[in-house]
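The values are calculated or read from the model by the stated rules, or taken from the named source; none is laboratory data. These figures come from a predicted structure and were not determined experimentally. Cβ atoms come from the backbone with ideal geometry, glycine included; neighbour counts cover every protein chain shown.
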Ligand code: HEM
């Protein structure tokens, strides 16, 4: 086996750099060692990280027998449950994907469009005109309502307020340094996840509360399915497993938690970055406003999603500041050659979305926010991949892009925003998502 070069520092030091200074570290290492990196020190478990389009294509199109998914962390399992699709073996994983995907098809999204406009308007109207607001927490409120709508239906048909509050409380815990230290320790000593003390105990209590609330909704819709409109939960309730049995409450709960976990913070981060870029570069804002010619009380979601410059802004935001730095790690199952490297079974591999999006040969001036590049060029799915690809490609990609466009169009048509203290922002890690640190904006309602 021949392996690429990479940083020589010890595993623990590299881990700290990837956790606390990820983008600078990746920039530094790729400049020094090239586009394929061996990360994690000399001894296993190291990871080989790829970012060239050819290598990414080889990884994402490899058969499941050659490259498979990596065992996810115990923490994620504790949160999402054993039957979450991301833990399922290959065939079951694909089966559950097929079950969920129709909820994000065009027709289902069309129903969602009007709701996204209303949720955005109401959330922004709750802010005081003339005051500043914290952008990410506001985008979180919107993205959570959108996901809950696609899962449970309109807010009148389920316990919207209690479920939303509990989810927000759970995710806010990830900001706690005590919890971060506890989880970092548990990464090395997984038994800590079974001991309920201190911050972890509070976290688990919130999780149990959420489980009870979600299971109550499942039972309610199972008992009187006709009174609920079509939503993701209704599809899961109709679904059968390979033994022709309905999914259990626990399996449905795990599917719901997976969608919330994967989609809530990622979409909120993407929308926060989008508001940042549009208001940081005045020409981009002006050009976008020229394209948005809707009356403020009649935003037509299906027309909005077809606007070319708005689409280009959305794409460029996900290129330059992708919420996920890399796709889920994969593992080599059969000896395989990727680029010039022969990899042995059990080698962990990584597709670096961040570095792929910063290749000068594909994206000239990669650090410049330039939506036009998406109007002038078409990029392959191995050059541009904010949602990963292959067997694990993001299930919520179409919902996320649909939501980003409608939210931005609704905000820009109804309100004026201004960044408080505009300055270049470096992405900061928040759990698995890269967020803009401390972004506040002043809001004024348009007359
Ligand atoms: C801008 C927002 C989002 C970004 C950038 C994003 C990105 C990603 C990425 C990079 C992956 C890993 C793909 C791979 O390994 O190849 C992923 C997986 C996933 N995402 Fe998203 N995501 C977003 C929004 C959402 C939303 C809104 C949902 C659901 C409502 C969602 C549900 C999922 C699920 C279920 C998976 C696991 C798929 C599987 O294992 O088969 N995501 N996402």
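Annotations for the structure displayed:
- Within the range 79-120, tally of residues that are touching a strand residue (DSSP E or B) at 6+ places or on another chain (Cβ under 9 Å) and within 30 Å of residue 415 (Cα to Cα): 0
- Failed item, numbered, when residue 63 is tested on (1) touching a helix residue (DSSP H, G or I) at 6+ places or on another chain (Cβ under 8 Å); (2) under 25 Å from residue 100 (Cβ atoms): (1)
- Any hit, the range 435-442, residues being more than 22 Å from residue 266 (Cα to Cα), more than 10 Å from the ligand (Cβ to nearest atom) and surrounded by fewer than 21 Cβ atoms within 10 Å (Cβ to Cβ): yes
- Of all residues in the range 53-68, those satisfying the criterion of being part of a helix (DSSP H, G or I) and surrounded by fewer than 20 Cβ atoms within 10 Å (Cβ to Cβ) are 54, 57, 58.
- Search result, residues across the range 290-303 that are under 27 Å from the mean Cα position of the chain (by Cα), surrounded by fewer than 16 Cβ atoms within 10 Å (Cβ to Cβ) and in contact (Cβ under 8 Å) with a residue 24 or more places away in the chain: 302
- The set of residues from the range 36-52 being buried (at least 18 other Cβ atoms within 10 Å of the Cβ) and closer than 30 Å to residue 182 by Cα comprises 37, 38, 39, 40, 41, 46, 47, 48, 49.
- Helices (runs of 4 or more DSSP H) lying entirely in the range 77-179 (those with 3 or more residues that are touching a helix residue (DSSP H, G or I) at 6+ places or on another chain (Cβ under 6 Å) and away from the ligand (no atom under 14 Å from the Cβ)): 106-125, 160-173
Table: residues versus (1) within 24 Å of residue 149 (Cα to Cα); (2) away from the ligand (no atom under 12 Å from the Cβ).
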| position | (1), (2) |
| --- | --- |
| 396 | yes, no |
| 400 | yes, no |
| 406 | yes, yes |
| 414 | yes, yes |
| 421 | no, yes |
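- Lone qualifier among 386, 371, 364 - being crowded, with 19+ Cβ neighbours inside 10 Å, away from the ligand (no atom under 13 Å from the Cβ) and either at positive phi or modelled with pLDDT of 95 or more (or both): 371
- Index of the failed condition, residue 355 passing every other in (1) crowded, with 16+ Cβ neighbours inside 10 Å; (2) away from the ligand (no atom under 16 Å from the Cβ): (2)
- Selection status of residue 238, loosely packed, with under 15 Cβ neighbours inside 10 Å and either farther than 29 Å from residue 371 by Cα or away from the ligand (no atom under 14 Å from the Cβ) (or both): yes
- Screening residue 16 on (1) within 26 Å of residue 185 (Cβ to Cβ); (2) buried (at least 17 other Cβ atoms within 10 Å of the Cβ) shows it passes everything except condition (2).
- Test: residue in the range 266-282 that is surrounded by fewer than 16 Cβ atoms within 10 Å (Cβ to Cβ), farther than 29 Å from residue 323 by Cα and over 24 Å from the mean Cα position of the chain (by Cα): no
- Close contacts from the range 42-60, counting a first residue that is over 22 Å from residue 319 (Cα atoms) and at pLDDT 95 or above and a second that is in a helix (DSSP H, G or I) and within 14 Å of the ligand (Cβ to nearest atom), with Cβ to Cβ under 7 Å and a gap of 6+ residues or different chains, come to none at all.
- Residue identified as modelled with pLDDT of 95 or more and closer than 25 Å to residue 4 by Cα among 325, 307: 325
- Residues that are in contact (Cβ under 8 Å) with a residue 60 or more places away in the chain, within 21 Å of residue 312 (Cβ to Cβ) and in contact with a strand residue (DSSP E or B) (Cβ under 9 Å, 6 or more places away or on another chain) do not occur anywhere in the range 437-447.
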